[in-house]
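Engineer: Following this message is one structure expressed as structure tokens.
The values are calculated or read from the model by the stated rules, or taken from the named source; none is laboratory data. Remember, it's a predicted structure, so these values are computed and weren't measured experimentally. We place every Cβ from the backbone using ideal geometry, glycine too, and count neighbours over all the protein chains shown. The accessibility values were calculated without ligands, DNA or RNA, using every heavy atom of the protein model including side chains. Shrake-Rupley method; radii C 1.70, N 1.55, O 1.52, S 1.80 Å.
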Amino acid sequence: LVRLTQGRTLADLAALRPDAPPPDWMVPVGGPGAVGPGDSSSVVQALPAGNYAVFCFIPSASDHQQHMMKGMVAGFRVTERTGPQPQLPKADLTVRMLDFGYAPSAPIAAGKRVIRVINDGPQLHEMVLALIQPGKTAADLLAWNPEVATEPPPARFLGGTVALAPSGESLVEADLAPGNYVLICYIPDAKDGKPHVAHGMVLPFTVKAAGV
């Protein structure tokens, strides 16, 4: 989910080359992270009035072409609100994203949670939320490459939030069962182009059952 500033529209976004760096008029404002077939994820975003675009940049397994290049993109406009401002959900905890890491304000407990995610870093960051499958580890997920893998991922992707610009924030809604989880940022670094996970932006954690 991106906000198109400087009077730009979906047509300007469509005119960009696939390999072009994100222009300064395209501001990432979060949005729900990736999930597997049949799953869903939810975030709450406070959006100022303006033009927006929503798209999927995940590559297809067959030809590695991003889904947005196959038409998975849409534009919409947010208008000024005339009535009372809605109340945002109350967060159970805050996770701050830094260069390069995650800083939760409290342990993440089982059950339905609202996680306030804030980008405190100087560049784009995301928070991919994944549940490690039984018998697997976070290291297995980090070693898994979807472009060459013949086995399913060693984790179930549960959403989180995609790219947030510096100082941006999202409210991530998640229903977490007990288990082993990991937070990951795959966004390429502004300096060397390596994904932030290669710089250590990964946080394994365990969600315990209530009362444990």
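Engineer: Compute the relative contact order of segment 33-135 as a whole-number percentage, counting only Cα pairs closer than 8 Å that sit 6 or more residues apart in sequence.
Structural biologist: Rounded, it is 21 percent for segment 33-135.
Engineer: For the chain, which whole percent of the accessible surface, found with a 1.4 angstrom probe, sits on carbon and sulfur atoms?
Structural biologist: Reported share for carbon and sulfur atoms: 56 percent.
Engineer: Also, I was wondering about something else. Show me 161-171, 195-205 ranked by packing, highest mean number of other Cβ atoms within 10 Å first.
Structural biologist: Final packing ranking: 161-171, 195-205.
Engineer: Still on this structure, please answer the following. Just need the relative contact order of the chain here, percent rounded to a whole number, with Cα pairs under 8 Å and 6+ apart.
Structural biologist: Normalised by residue count, the contact order of the chain is 24 percent.
Engineer: Explain nothing, just compute: Karplus ³J(HN,Hα) = 6.51 cos²θ - 1.76 cosθ + 1.60, θ = phi - 60°, for every residue of segment 45-55 in order, whole Hz, x for Gly and Pro.
Structural biologist: 10, 8, 10, x, 4, x, 8, 9, 9, 10, 8
Engineer: Per residue, what accessible area does the chain have, given a 1.4 Å probe and all protein chains present, in Å²?
Structural biologist: Result: 57 Å² per residue.
Engineer: What value, in deg cm²/dmol to 500, does the helix sum -39500 (n - 2.57) over DSSP H runs of n ≥ 4 give at 222 nm once divided by the residues of the chain?
Structural biologist: -1000 deg cm²/dmol
Engineer: Once you have the Cα-Cα distance between Gln85 and Ala20, take 0.36 nm times their residue separation minus that, and quote the gain in nm to one decimal.
Structural biologist: 19.7 nm
Engineer: Another question, then. Rounded if a/c is under 1.5, else prolate if a/b beats b/c, else oblate: with a ≥ b ≥ c from the C-alpha gyration tensor eigenvalues square-rooted, which is segment 22-121?
Structural biologist: Cα axes put segment 22-121 in the oblate bin.
Engineer: Follow-up. Once a ≥ b ≥ c are taken as the square roots of the eigenvalues of the Cα gyration tensor of segment 132-212, is the result rounded (a/c under 1.5), prolate (a/b larger than b/c) or oblate (a/b not larger than b/c)?
Structural biologist: oblate
Engineer: Can you give the FRET efficiency for Ala198 and Arg156, using 1/(1 + (r/R0)^6), R0 = 25 Å, r = Cβ-Cβ distance, to the nearest 0.05?
Structural biologist: Result of the calculation: an efficiency of 0.65.
Engineer: Separate question: Taking the Cα of Gln123, stepping 7 Å toward and past its beta carbon, and measuring to each backbone N in segment 177-196: which are under 13 Å?
Structural biologist: Flagged as within label range: 186-196.
Engineer: If R0 is 35 Å, what FRET efficiency do you get for Leu98 and Ser62 from their C-beta distance, rounded to 0.05?
Structural biologist: The calculated FRET efficiency here is 0.45.
Engineer: Another one. Could you order the peptides 90-99, 123-132 from most to least packed, using the average number of other C-beta atoms within 10 Å per residue?
Structural biologist: The densest-packed peptide leads the list: 123-132, 90-99.
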